[in-house]
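Asker: One structure coming up, written as structure tokens, with questions to follow.
The values are calculated or read from the model by the stated rules, or taken from the named source; none is laboratory data. What you see is a predicted model; the values in this text were computed from it and never measured. Reconstructed Cβ throughout: ideal geometry from the backbone, glycine too, with neighbour counts over all protein chains shown. Remember, those area values only see protein heavy atoms, side chains included, never the ligands or the DNA or RNA. Shrake-Rupley method; radii C 1.70, N 1.55, O 1.52, S 1.80 Å.
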Number of protein chains: 2
Amino acid sequence: MSTLTGNAVIGQSGGPTNVINQSLVGVIESFKTNPNITKLLGSKHGVRGIVSSDYIDLSAVPTDLLERVAATPSSALGSTRDKPDAEYCQKILRGFTQNNVRYFFYIGGNDSADTARIVQEMAASSGYELTVIHIPKTIDNDLRVHDHTPGFGSAAKFVAQATMGDDYDNKSLPGIKVNIIMGRNAGFLTAASALARKYENDGPHLIYMPEAPVSQDQFLANVDAVYSKLGRCVIAVSEGITSPGGTTYAELMSQGLEKDAHGNIQLSGSGALGDYLAGQITTKLGKERGKKLRVRADTFGYLQRSFAGIVSDVDAKEAREVGKKAVEYTLDPANHEGSVVMTRVPGSAYQIKIHLEPLVNVARHTKHLPAEFIKNGNDITQAFLDYARPLVGPLPAVGSFVELKK
Amino acid sequence: MSTLTGNAVIGQSGGPTNVINQSLVGVIESFKTNPNITKLLGSKHGVRGIVSSDYIDLSAVPTDLLERVAATPSSALGSTRDKPDAEYCQKILRGFTQNNVRYFFYIGGNDSADTARIVQEMAASSGYELTVIHIPKTIDNDLRVHDHTPGFGSAAKFVAQATMGDDYDNKSLPGIKVNIIMGRNAGFLTAASALARKYENDGPHLIYMPEAPVSQDQFLANVDAVYSKLGRCVIAVSEGITSPGGTTYAELMSQGLEKDAHGNIQLSGSGALGDYLAGQITTKLGKERGKKLRVRADTFGYLQRSFAGIVSDVDAKEAREVGKKAVEYTLDPANHEGSVVMTRVPGSAYQIKIHLEPLVNVARHTKHLPAEFIKNGNDITQAFLDYARPLVGPLPAVGSFVELKK
């Protein structure tokens, strides 16, 4: 830790989650255990608030408000999509120097871990004592070393319950249904659509993840086969669905889509991919064969990450815990930087342990859905269910008259 | 009631809801109180099951299964979009005659009430004793005479919580957000987007309901005004948003959209309207003025009516109750037909009473959002909040650091 008395800054970055404020509150309620921290400053909109000294003093938040903030979706301090370059990082460091900031807690994904790493290196090389702790969050669940990340369990619960209800809707009014699920590069969230399957022939019947490329012809052939057998088909499609050549469907579909500051194509906040796939099915499996199909598409969109009221209890608890641990790690003078990582203790009962991992091992690169979680390129395995169920917790108990025949 | 011993048929029709099975279970658990009913037959996919004698015997469903079915989204018996003409209604009556059906419980909206009415009139004129009870359901809340309909409270809860979370998301990463909400002709569900507003400047900042037509120029001017003031704007738009001439935006946007069996344009199951409005905003408020705006659209889609786990307790309880009442009304020989109607008892505490209303007063036509619920053509009034809150029940308790400044 920094041996100097000074202030701490906490910021939130990237796409919000339903439990990102739990981690924030974990830090707020425990920062006083570090006697070297004078004030805890919340930077508004992540690194933007640091370069403009736009802070909220979080040193004395009433407990009642704190608990309500913890239970509120999305980033209470505001977020940012800025990905700082070297010059921007210098400004961050200058901001820290001006405000005598000696501790930086940054809640975010792999880009945020990388920003944290760069700022810490700059501080170290200029002789400025600064301890930087990355607190993980991402609904995509794509951080290396981490067994899973806070935010995933709650988003997965939303996707599982949405798909469960939608599958019952589709049983009621049969047809072909395409559901577009977040996760540009990693298929964990799309895979979670299968968590609520209970009866034979429950949907989703097909699951397409970025890690299992599929040609459009194969995609249509799969849909045709399920529809021919069941008279209906519910399809979970990652927004990052990719053809075998490595080109995403979004790229195939359009060259003109908006790109964000990271050079990524805008996939969320638009129904384009879902409508495109529904159109392909309507035309190629329907009109060209003289059949009228009922084809619908929903894009789950921002509801996946910020729906008020759908939270995994385990996820909320763990998100709080990693925030507390982040403060705890600053008490050891040996720790100058790191990411708070949860790993799973081997054994039948779900249990995690937490450690501090060097940022370089977490930053920048993406973790993908491992091959043993993917089945036939369009489904998930029991191993994925075993992995994800403890993170999501219990799902609604449903019933169907198919049980009467038993 | 029919004075003859015979069977009863129950069916579910139209778009499913999250509590439509509560009404089904209300009938199943109470039909034996009518000694004239021999068996209760569930017709699969509404009137389709009747004309093809495709029934499930519901006379002996285990209680445990019954309770799970009640808590399961969407129509457990399957639904249909068929709108029977006279010939189809004759087939229904023939089906009833063949199976000695003397009671028909039909769960649905105004189209289903009309089908029920026609079949009962045909039976009466041919001297076949048949009692027909319409059990209301529709998330659109658009049945005449009814104060509100089962299904609305739960869908409204979903829309309120989705909008609440989305508004926090938009505070975190500011921009312009368009949310498309179900309700082709009635704005009740879109209005419900406002139920979770708590702090000053909470969204939705603009609410467009079919009952308050708006020109595209006015729509854009409204968005511009909010965005100029707050730097962000969350907009709730009914899928039935209409221009002052009476043409829907969907019609303006495209003449080629799919139509259903009722001649309605397909609005749900596509992101087209949201993407169109986002495109208009991006172009006319952004590009044409040389500004880059962050504009996103989500179409809440089928999740609104079938999301597993978001149910209003009051809605679930009332849906069960109208099912039970439907059976109770068959005990009075004077009742040959009717719709089970909830009205509100005047007074400060929320209380309903239930009566049987002649089908002709409920069938076919749509109830609209009354003028006293609409404010300035793009918002809702306190009167709407007072009307809707008891139907939805408590919403998540959230907190924001803006309270620190108080």
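Asker: Exactly one of these conditions fails for A:Asp313: (1) within 9 Å of another protein chain (Cβ to nearest Cβ); (2) open to solvent by 20 Å² or more (accessible area, probe 1.4 Å). Give me its number.
Answerer: If we test A:Asp313 against (1) within 9 Å of another protein chain (Cβ to nearest Cβ); (2) open to solvent by 20 Å² or more (accessible area, probe 1.4 Å), just (1) comes out false.
Asker: Tell me the residue from B:Ala363, B:Ala308, B:Ala334 that is open to solvent by 40 Å² or more (accessible area, probe 1.4 Å), aliphatic (A, V, I, L, M) and not in a helix (DSSP H, G or I), please.
Answerer: B:Ala334
Asker: Another question about this same structure. I'm told A:Lys291 meets every condition in (1) within 14 Å of chain B (Cβ to nearest Cβ); (2) in contact with a strand residue (DSSP E or B) (Cβ under 8 Å, 6 or more places away or on another chain); (3) farther than 30 Å from B:Ala160 by Cα; (4) assigned to a loop (DSSP other than H, G, I, E, B) except one. Can you identify the failing condition by its number?
Answerer: The one condition A:Lys291 does not meet is (2).
Asker: Please work out if B:Asn201 is among the polar types (S, T, N, Q) and under 22 Å from A:Asp298 (Cβ atoms).
Answerer: It is false that B:Asn201 is among the polar types (S, T, N, Q) and under 22 Å from A:Asp298 (Cβ atoms).
Asker: Give the residue that is farthest from A:Thr149 (Cα to Cα), with candidates limited to residues of region A:94-111 that are open to solvent by 10 Å² or more (accessible area, probe 1.4 Å) and in a helix (DSSP H, G or I).
Answerer: A:Gln98
Asker: Can you tell me which residue within region A:40-53, out of those that are away from chain B (no Cβ under 14 Å) and outside any helix (DSSP H, G or I), is most open to solvent (accessible area, probe 1.4 Å)?
Answerer: Of everything passing the filter in region A:40-53, A:Ser52 is most open to solvent (accessible area, probe 1.4 Å).
Asker: Restricting attention to region B:158-171, does a residue exist that is in contact (Cβ under 8 Å) with a residue 60 or more places away in the chain and under 13 Å from the mean Cα position of the chain (by Cα)?
Answerer: yes
Asker: Any residue in region A:149-167 that is within 14 Å of chain B (Cβ to nearest Cβ) and among the acidic types (Asp, Glu)?
Answerer: Yes: region A:149-167 contains one or more residues that are within 14 Å of chain B (Cβ to nearest Cβ) and among the acidic types (Asp, Glu).
Asker: Tell me the residue from B:Pro204, B:Pro210 that is closer than 22 Å to A:Thr17 by Cα, open to solvent by less than 30 Å² (accessible area, probe 1.4 Å) and within 26 Å of the chain's Cα centre (by Cα), please.
Answerer: Only one candidate qualifies: B:Pro204.
Asker: Within region A:120-137, which residues are in a loop (DSSP other than H, G, I, E, B) and either free of Cβ contacts under 8 Å to residues at least 60 places away in the same chain or open to solvent by less than 10 Å² (accessible area, probe 1.4 Å) (or both)?
Answerer: Across region A:120-137, the qualifying residues are A:Ser126, A:Gly127, A:Tyr128, A:Leu130.
Asker: Mind checking whether some residue in region A:283-295 is at pLDDT below 95, closer than 29 Å to B:Asn179 by Cβ and either of a type in the set (Phe, Trp, Tyr) or crowded, with 20+ Cβ neighbours inside 10 Å (or both)?
Answerer: No, region A:283-295 contains no residue that is at pLDDT below 95, closer than 29 Å to B:Asn179 by Cβ and either of a type in the set (Phe, Trp, Tyr) or crowded, with 20+ Cβ neighbours inside 10 Å (or both).
Asker: Taking only pairs six or more apart or across chains, which ones have beta-carbon atoms under 7 Å, a first residue in region A:279-290 that is under 19 Å from B:Gly271 (Cβ atoms), and a second residue that is in a helix (DSSP H, G or I)?
Answerer: A:Gln280/A:Gln216; A:Gln280/A:Leu220; A:Ile281/A:Leu220; A:Ile281/A:Val223
Here's the yes/no breakdown for (1) open to solvent by 40 Å² or more (accessible area, probe 1.4 Å); (2) in a helix (DSSP H, G or I); (3) more than 14 Å from chain B (Cβ to nearest Cβ):
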| position | (1), (2), (3) |
| --- | --- |
| A:Pro16 | no, no, no |
| A:Gln22 | no, yes, no |
| A:Pro35 | yes, no, yes |
| A:Ala60 | yes, no, no |
| A:Asp64 | yes, yes, no |
| A:Val69 | no, yes, no |
| A:Pro73 | no, no, no |
| A:Ile92 | no, yes, yes |
| A:Ile118 | yes, yes, yes |
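Asker: If a residue has to be touching a Lys or Arg at 6+ places or on another chain (Cβ under 6 Å) and closer than 14 Å to A:Thr80 by Cα to count, how many in region A:21-66 make the cut?
Answerer: Final tally of qualifying residues: 2.
Asker: Of all residues in region A:375-394, which are surrounded by 17 or more Cβ atoms within 10 Å (Cβ to Cβ) and either facing chain B (nearest Cβ under 10 Å) or of a type in the set (A, V, I, L, M, F, W, C) (or both)?
Answerer: A:Ile380, A:Phe384, A:Ala388, A:Leu391, A:Val392
Asker: Name the residues in region B:178-199 that are among the charged types (D, E, K, R) and either open to solvent by less than 10 Å² (accessible area, probe 1.4 Å) or under 19 Å from B:Ala383 (Cα atoms) (or both), would you?
Answerer: B:Arg197, B:Lys198, listed by residue number.
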